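Read through the structure below, which is laid out as structure tokens, and then see the notes.
Each reported figure results from applying straightforward, stated rules to the coordinates on display, with no laboratory input. All values derive from a computational prediction rather than experimental measurement. Every residue, glycine as well, gets a Cβ built from its backbone with ideal geometry; the counts of neighbours run over all protein chains shown.
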Ligand SMILES: [Zn+2]
Ligand SMILES: [Zn+2]
């Protein structure tokens, strides 16, 4: 859905949209969209700002990714709000010497008369996901000796000298 500045000049745009898996591009991020993404909110042109937009709303979706430890599926149900500001890209070109103070770090930029809602949502989802993607905080991962998923099968492998630095420390203490 294209959020057009021309339209915002006339009125605030309200949206209530469902995006099926595949409509928002998550390939290349090792991610899958496991449910429709539902987004509601509004987009408006802020008066007396030279084209600044405010886009706010909420979205919910379930994403899945490969677990960093066991390579199984990790589920991430997301439900979050956003409140974002965008300026025309021409703003940067015009004021090359403009210093961006810290308060402006949150501001994004748009060009070509508006911004795609899909692009905003994609960015919000990526920001919301944790750095470490695990299926569960207690995931036991894959055994480095026999290669079995230790969540599914207990194995009796002995893991020795996982980290030699601890061995070195022990020797120092003697
Ligand atoms: Zn796991
Ligand atoms: Zn094992």
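Structure values in brief
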quantity	calculated
FRET E, pair residue 4, residue 32, Förster distance 22 Å, beta-carbon r, rounded to 0.05	0.15
Least to most buried among 63, 8 (fewest other Cβ within 10 Å first)	8, 63
